[in-house]
Amino acid sequence: MDFDLIVRGGTLPDGRVADIGINGETIAAIEPVLQGSARTKVDAHGNLVSPPFVDPHFHMDATLSYGIPRINASGTLLEGISLWGELKPLLTHEAVRDRALAYCDWAVSMGLLAIRTHVDVCDDRLLAVEALLEVKKTVAPYIDLQLVAFPQDGFYRSPSARENTIRALDMGVDIVGGIPHFERTMADGTRSVTELCEIAASRGLMVDLHCDETDDPLSRHIEQLAYETQRLGLQGKVAGSHLTSMHSMDNYYVSKLLPLIAEAGVSVIPNPLINIMLQGRHDTFPKRRGLTRVKEMLALGIRIGWGQDCVLDPWYSLGTADMLDVAFMGLHVAQMSSPAEMARCFDMVTNVNAAIMGLDHLGLAVGKRASLVVLDAGNPVEALRLRAERLCVIARGKVVAERTKQETRLSIGGRPGMVNRRHISGSNQRDRA
């Protein structure tokens with residue numbers, strides 16, 4: 001069988017070494033050795049071949065705006081929201097579009113080929129919605145971009161947010177968003193969860209709410225979100241993002257809450273880089289670090305993935321569109337240090353995040369879309385340790401980014417002339433002996 005493209009000799013995340021044959025936009029074959037020829041060949045021998053990286057939580061309307069009109073001096077979530085309010089009147093369609101497209105270029109270079117981005121609908125112009133709908137169309141040949149209608153200033157708290165949310169959905173925005181903990185009262189927050197889920201159910205849409213992104217242990221809107229998910233038959237279509245209040249909740253309440261989330265089939269998206277940067281700012285010591293109860297959720301079978309959230313914007317002054325950075329930080333803060341847990345963190349930023357977004361066409365299997373990444377690493381854990389270079393990125397069967405392997409030249413007597421920091425562990429050395 002002949003192919004349009006063959007990736008030769010790569011190591012898959014499960015440890016198999018295989019050739020991957022691609023025809024058009026589809027993976028046509030995965031075999032130890034493929035006998036066919038191809039117009040394009042990618043040599044992946046000794047390197048990890050992975051599904052594409054996926055980010056289920058981002059803010060593309062604000063990305064790359066760091067320092068405009070000023071820097072977040074306190075580093076808090078609330079000052080970031082206030083700063084975003086100062087920036088919104090200064091936005092232009094062109095500026096939002098161009099910054100978003102620049103970020104998408106970064107994303108492609110890092111093998112990040114699917115992104116769910118929240119877009120603020122509390123600007124009556126819906127300028128950012130229009131700009132990101134244009135971006136979505138532009139990047140469609142190489143990035144799956146989902147848009148969430150996000151009433152940043154509160155679905156009820158902002159006078160026109162409800163109307164604008166409906167307008168944005170009518171314009172083609174994909175998913176219903178919200179921020180119940182930012183409403184004026186807990187009751188309004190609870191009421192907003194109910195109405196937002198009803199809007200989604202009536203339109204057959206998914207739901208992704210910023211939920212309980214606070215240090216307040218009494219912020220419990222995830223409970224209402226799980227209830228509405230079951231009441232409206234939205235199982236598998238709902239995500240609760242952040243859930244940072246859970247790091248402050250008492251254990252007895254959480255022991256009742258987590259089974260409810262699992263029963264409802266609600267997915268969870270913590271954002272470790274930003275959660276630990278923004279939360280606990282009012283603490284002295286001991287200081288909370290803002291990550292929700294990841295390992296406890298995993299133990300109950302709750303689907304949980306890692307999100308990026310922010311890059312160079314009013315809330316976060318760093319970032320490079322690297323989901324390996326996100327997983328690396330997540331495994332540290334969640335203390336997921338065993339080999340199986342670390343490998344799971346890699347799976348969270350690839351396959352699990354794709355499942356949360358409903359992207360069933362992604363993955364390393366025959367018949368799936370031919371979008372994949374070749375990394376300068378031997379396995380998923382090494383990819384995390386090194387935040388490995390993306391040697392080749394393939395989107396819909398086409399090579400869209402390439403990088404030469406980076407090695408450092410040494411000039412030390414009696415030592416090797418080159419070093420690249422890859423390593424064969426002691427157990428693997430014994431296996432090879």
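For LEU331, work out the one condition from (1) crowded, with 17+ Cβ neighbours inside 10 Å; (2) hydrophobic (A, V, I, L, M, F, W, C); (3) under 30 Å from LEU83 (Cα atoms); (4) out of contact with any Phe, Trp or Tyr (no Cβ under 8 Å at 6 or more places or on another chain) it doesn't fulfil.
(3)
Residue check: is THR284 outside any helix (DSSP H, G or I) and at pLDDT below 95?
Details: outside any helix (DSSP H, G or I): yes; at pLDDT below 95: yes.
Yes: the conditions hold for THR284.
Which numbered condition in (1) open to solvent by 10 Å² or more (accessible area, probe 1.4 Å); (2) outside any helix (DSSP H, G or I); (3) among the aliphatic types (A, V, I, L, M); (4) touching a helix residue (DSSP H, G or I) at 6+ places or on another chain (Cβ under 7 Å) is the only one that LEU101 fails?
All conditions are met except number (2).
Among GLY301, GLY319, which is the only one that is open to solvent by less than 80 Å² (accessible area, probe 1.4 Å) and under 26 Å from ASP216 (Cα atoms)?
Numbers: GLY319 fails: under 26 Å from ASP216 (Cα atoms).
Of the residues listed, the single one that is open to solvent by less than 80 Å² (accessible area, probe 1.4 Å) and under 26 Å from ASP216 (Cα atoms) is GLY301.
To keep it simple, each residue is scored yes or no on (1) surrounded by fewer than 22 Cβ atoms within 10 Å (Cβ to Cβ); (2) in contact with a strand residue (DSSP E or B) (Cβ under 8 Å, 6 or more places away or on another chain); (3) under 28 Å from VAL207 (Cα atoms).
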{"residue": "GLY307", "(1), (2), (3)": "no, yes, yes"}
{"residue": "CYS310", "(1), (2), (3)": "no, yes, yes"}
{"residue": "ASP347", "(1), (2), (3)": "yes, no, yes"}
{"residue": "ASP376", "(1), (2), (3)": "no, yes, no"}
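So which helices (runs of 4 or more DSSP H) are wholly in the stretch 173-270 and hold at least 2 residues that are of a type in the set (Gly, Ala, Ser)? Before you say what the answer is, go through the steps one by one.
Details: elements: 186-203, 221-231, 251-264.
In the stretch 173-270, the matching helices (runs of 4 or more DSSP H) lie at 186-203, 251-264.
Listed residues LEU218, LEU205, LEU209, LEU234; which is free of Cβ contacts under 8 Å to residues at least 40 places away in the same chain and surrounded by fewer than 16 Cβ atoms within 10 Å (Cβ to Cβ)?
The match here is LEU218.
Would you check if there is a residue in the stretch 219-226 being closer than 15 Å to THR292 by Cβ and out of contact with any strand residue (DSSP E or B) (no Cβ under 9 Å at 6 or more places or on another chain)? Steps first, please.
Start the filter on the stretch 219-226 by keeping residues that are closer than 15 Å to THR292 by Cβ, which leaves 219-223, 225-226.
Checking which are out of contact with any strand residue (DSSP E or B) (no Cβ under 9 Å at 6 or more places or on another chain) leaves us with 220, 223.
Yes, there is a match, as at least one residue in the stretch 219-226 is closer than 15 Å to THR292 by Cβ and out of contact with any strand residue (DSSP E or B) (no Cβ under 9 Å at 6 or more places or on another chain).
Does ARG157 meet the test of being charged (D, E, K, R) and either buried (at least 22 other Cβ atoms within 10 Å of the Cβ) or closer than 25 Å to HIS221 by Cα (or both)?
For ARG157, the condition - charged (D, E, K, R) and either buried (at least 22 other Cβ atoms within 10 Å of the Cβ) or closer than 25 Å to HIS221 by Cα (or both) - is met.
Can you tell which of SER65, SER82, SER74 is surrounded by fewer than 16 Cβ atoms within 10 Å (Cβ to Cβ) and outside any helix (DSSP H, G or I)? Even if it seems obvious, please write down each step before you answer.
Details: SER65 fails: surrounded by fewer than 16 Cβ atoms within 10 Å (Cβ to Cβ); SER82 fails: outside any helix (DSSP H, G or I).
The unique qualifying residue is SER74.
As an exercise: evaluate VAL129 against (1) closer than 30 Å to ILE20 by Cα; (2) touching a strand residue (DSSP E or B) at 6+ places or on another chain (Cβ under 7 Å); (3) not charged (D, E, K, R) and give the number of the one condition it does not meet.
Answer for VAL129: the failing condition is (1).
Based on this model, can you work out whether PRO339 counts as modelled with pLDDT under 95 and surrounded by fewer than 19 Cβ atoms within 10 Å (Cβ to Cβ)? It would help to see each step written out before you state the result.
On the way: modelled with pLDDT under 95: no; surrounded by fewer than 19 Cβ atoms within 10 Å (Cβ to Cβ): yes.
So PRO339 fails the test.
The values are calculated or read from the model by the stated rules, or taken from the named source; none is laboratory data. It should be emphasised that the depicted structure is a prediction, and the values quoted were computed from it without experimental measurement. Virtual Cβ from ideal backbone geometry, glycine too; neighbours counted across all protein chains shown. Areas reflect the complete protein model, heavy atoms only, side chains present, ligands, DNA and RNA absent. Shrake-Rupley method; radii C 1.70, N 1.55, O 1.52, S 1.80 Å.
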